[in-house]
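Just below is one structure, and these are the notes that go with it.
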Amino acid sequence: MGDILALTVEHLMLSAAGVGLALVVGIPLAILITRYRTLAGFTMAVTDVLQTIPSMALLAALMIYLGLGNQTLVVTLMIYSLLPIVRNTYTGITGIDKGLIEAGKGMGMTRWQLLRMVQIPVALPVIMAGIRVAMVTAIGIATLGVLIGGGGLGAPIWRGMQIVDSSMILSGAIPAALIAILCEFGLAKLEKAVTPRGMKASSPAKS
Amino acid sequence: MVKFKNVVKAYENHVAVKNLNLEIPEGELVVLIGPSGCGKTTTLKMVNRLIEPTSGSIFIRDRNVKDLNPVALRREIGYVIQQIGLFPNMTIEQNIDVVPRLLGWPAEKRKRRVYELLEMVGMDPEIYAHRYPNELSGGQQQRIGVLRALAAEPPLILMDEPFGALDPIARESLQDELKNLHSRLNITTIFVTHDMDEALKLADRVVVMNQGEVVQVATPETLLRNPANDFVASFIGKNRLNGDSLQSVVEIMLPDPVTVHPQMGLAEGLALMKRKKVDTVLVVDEQRRLLGSVAVETLDREHKRARTIGEIMNQDPPLTTIRSQASAKEAFDLIIGEKLKYLPVLDENDVLVGLVTRNSMVSALASAVWGDVGE
Amino acid sequence: MLWRLRFGVMWVSDFIDFIRSNLDVAAVATYQHLYLSFGSVLLGMLIAVPLGIWLSDKERLAEKVLAVTGTIQTVPGLAFLGLFLPLLGLGVVPSMTVLFLYSLLPILTNTYTGIRGVNPAVVEAGIGMGMSPRQLLFMVKLPLAFPVIIAGIRIASVYIVSWATLAAFVGGGGLGDPILTGIMTADINFILMGAIPAALLALAAGWILGMVERLATPRGLRG
Ligand SMILES: Nc1ncnc2c1ncn2[C@@H]1O[C@H](COP(=O)(O)OP(=O)(O)OP(=O)(O)O)[C@@H](O)[C@H]1O
Ligand SMILES: [Mg+2]
């Protein structure tokens, strides 16, 4: 039981590390491409194509170059987390009402102030939605980490499957499913919390 | 033809129509008019049972609509709405013959009917029958909206502000066409509007409503000569009652000139001017206060250097403007005397209320001399 | 460390030789992969499209159903296979069941929102002209929602094709098999033999259904 708890924590940490790295890379990248729109199409196309590579295959291919272990897993998680984060940050910022930007400029804000005081706060709910999708995806892909010698809840599932031991499988599968669902709900709550009071209308999801 | 008997429509916390009694004889064009929220749409939709009355009855040719199958009932009643609502997935031909198709008319007859209707409004069927709604202008689309309602030769048609969203020119010509169609086909028509000019122009009888009640039912002439009370009088408007025209600059201006905001991009501005076929636009702020103007030549010249309209407005000589309280004569004198192409009209807060152009002046003059003239 | 890695430069010609000599393996895996993915998406369509239509005028219920499918969506694939193993055992059946469940959300969401997104003025015109609910659905709502529904099927197909590699874990076959072999033997040739066709299939599915989407868009709706 203690084992499972440790694995669960590890699983969460690995996923969070992947998403965290994706944030560090993805948000500046997204802001950059809002300024250079020609880059935007290209970046989106690249992340879109990356997304079609089966996670198992990317994991395996990276293993050949980065070796066995958690570092390979985290890099893979980062790659898959990039798309939702970049896409949502980009659409969040570019979707802001032009009048609002005008108002900000009119009040004498610099580009940086505009970004910090207007664009990011208004786009925050959309960015948070990207983070939520990224986190849930990462938790899913992290279960495959066991294949390349990584940690997390994949290990009992995978080993259980080899020896056809249902209780061992479930001891990994149930917590993995639960943390994914809890993350989804928790981050959705957070998303609502960061939505400014004045703009609490439900927007349709698009993938 | 249509009879409302003690009709009431109450919502939880609001009575939309209070005890309506009204009889509409065969072949009449009745216009329902009144301020926003007075219950016009509700009244109209109770006829084809898109809304069910709370109490009272509605009869069409002495049949209580409540006893009729709503789907069958609606196929016998033409229906035109302000948002037009053409089916974007169907061609013009398919749009017009929806009800005949629902009624199972043979293909040959349907096609003949579509062509006949299109020709009736001067739209060449060879050109338009196979187009899609988004390939038509707003005015043409609503023309199809009207034809679609007429297609199955219904004895009754309902129109809810059908021309409300159109520009003044398209509105005017559709009104003329409707008047024309009505005098030819004599279909009983209930027409909703809140434009008094439209009501006076089209109606055999006008029904003025306020807060769910009928205030006056009268022919346009009677309405103008004997408004039932102050509400009706103020609704008709002072100028019309005086009968004496061309007193104020307001009467010779275009009420809705083409305007842009300063943050609009140049390309967008250029496209707008092309679309509206104007060579100058007025720049206004959110409160519609006049900031300046931009000519198409300036736009063309500066499109490399500047990004928004705001950056290039007012390069042309300063605008001469006039207050809305001024008389028509002052506007004439200014335009003729200073050789102006146009003259913006502002109220006391500098809010743009209209634009006098040489054209608007001439047509106002013409209608004062010869009465309302068509296109 | 469990495996010793075989590093080294992978020459394209080596890889081509490898594929040539293992063509039968690659062909079988690709066939199984297609079968798994399209089988589950087809099943997903058969359930989710009618369900989405049926839910389109039941807002309260629809929200609940969408929440449930949304929750299903978040469960990790491997965990899902693990949860079903005691029930469905190994092989194609549990693999397709899981993939089918994943395909539901995008198809259902798009069917539902596509139909509800039809311009209310057009719907009012249809009702006002005397269309029965069924006529309104088939003459107006479905044709107008069609591109959105196809988009849902496209989104589902693209990632079901990618996720179908997971079937290898429970002996369901498909392109996950060579990838798994490659991981076990640390052989990049096997990994690529699974990964490249899988990615190409996903891209092709996206491209083809994107075409269908464009063709299915009524001319009157195109920009
Ligand atoms: N479903 C509803 N529930 C409650 N109140 C309603 C509903 N529909 C309409 N009303 C109210 O009934 C009144 C009459 O509405 P109606 O649409 O008939 O007005 P109208 O005269 O057509 O106005 P407009 O010129 O703005 O179209 C309004 O005050 C409106 O708010
Ligand atoms: Mg109305």
Legend entry - Residues of the range B:97-121 satisfying the condition of being part of a helix (DSSP H, G or I) and free of Cβ contacts under 8 Å to residues at least 12 places away in the same chain: B:Arg101, B:Ala107, B:Glu108, B:Lys109, B:Arg112, B:Glu116, B:Glu119
Inset, instruction - Just one of (1) under 30 Å from B:Leu150 (Cβ atoms); (2) in contact (Cβ under 8 Å) with a residue 12 or more places away in the chain trips up C:Ala125, so point out which. - result: (2)
Inset, instruction - Count, please, the residues in the range C:132-191 that happen to be more than 8 Å from chain A (Cβ to nearest Cβ) and over 14 Å from C:His33 (Cα atoms). - result: 30
Legend entry - Residue list for the range B:21-72, restricted to those being within 16 Å of ligand 1 (Cβ to nearest atom) and of a type in the set (Lys, Arg): B:Lys40, B:Lys45, B:Arg49
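To keep it simple, each residue is scored yes or no on (1) in the same structural domain as B:Pro25 (by TED's automatic domain parsing); (2) at negative phi; (3) part of a helix (DSSP H, G or I); (4) without any contact (Cβ under 8 Å) to a residue 60 or more places away in the chain.
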| site | (1), (2), (3), (4) |
| --- | --- |
| B:Arg74 | yes, yes, yes, yes |
| B:Val80 | yes, yes, no, no |
| B:Met123 | yes, yes, no, yes |
| B:Gly139 | yes, yes, yes, yes |
| B:Val146 | yes, yes, yes, no |
Legend entry - the range C:135-147, residues that are crowded, with 22+ Cβ neighbours inside 10 Å and under 21 Å from the mean Cα position of the chain (by Cα): C:Ala145
Inset, instruction - State all residues of the range B:156-176 that are away from ligand 1 (no atom under 16 Å from the Cβ) and either surrounded by fewer than 16 Cβ atoms within 10 Å (Cβ to Cβ) or within 14 Å of chain C (Cβ to nearest Cβ) (or both); if no residue qualifies, say none. - result: B:Leu156, B:Ile157, B:Asp167, B:Pro168, B:Ile169, B:Asp176
Legend entry - strands (runs of 3 or more DSSP E) wholly inside the range B:248-356 that include at least 3 residues being free of Cβ contacts under 8 Å to residues at least 60 places away in the same chain and under 30 Å from A:Leu100 (Cβ atoms): B:290-295
Legend entry - Matching entry among B:Gln263, B:Gln211 (being within 16 Å of ligand 2 (Cβ to nearest atom) and open to solvent by 50 Å² or more (accessible area, probe 1.4 Å)): B:Gln211
Inset, instruction - Could you run through the range B:71-107 and say how many residues are within 11 Å of chain C (Cβ to nearest Cβ), open to solvent by 30 Å² or more (accessible area, probe 1.4 Å) and out of contact with any Leu (no Cβ under 8 Å at 6 or more places or on another chain)? - result: 7
Inset, instruction - Could you list all residues from the range B:28-70 that are within 14 Å of chain C (Cβ to nearest Cβ), open to solvent by 40 Å² or more (accessible area, probe 1.4 Å), more than 16 Å from ligand 2 (Cβ to nearest atom) and not in a loop (DSSP other than H, G, I, E, B)? - result: B:Pro70
Inset, instruction - Give the range C:39-73 a look and list any residue that's under 18 Å from the mean Cα position of the chain (by Cα), of a type in the set (A, V, I, L, M, F, W, C) and at pLDDT 95 or above, or say none. - result: C:Val41, C:Leu42, C:Leu43, C:Met45, C:Leu46, C:Ile47, C:Ala48, C:Val49, C:Leu51
Legend entry - Selected residue (only one of A:Tyr36, A:Tyr80 is aromatic (Phe, Trp, Tyr) and open to solvent by 50 Å² or more (accessible area, probe 1.4 Å)): A:Tyr36
Legend entry - Pairs where the first residue, in the range B:182-195, is without any contact (Cβ under 8 Å) to a residue 40 or more places away in the chain and the second is more than 13 Å from ligand 2 (Cβ to nearest atom), C-beta under 8 Å, 6+ apart: B:Leu185/B:Leu150
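The values are calculated or read from the model by the stated rules, or taken from the named source; none is laboratory data. Just so we're clear, the structure is a prediction, and the values are computed from it rather than from any experiment. Don't worry about glycine lacking a Cβ; one is built from the backbone with ideal geometry, like all the others, and counts go over all protein chains shown. Accessible surface areas use protein heavy atoms only, side chains included; no ligands, DNA or RNA. Shrake-Rupley method; radii C 1.70, N 1.55, O 1.52, S 1.80 Å.
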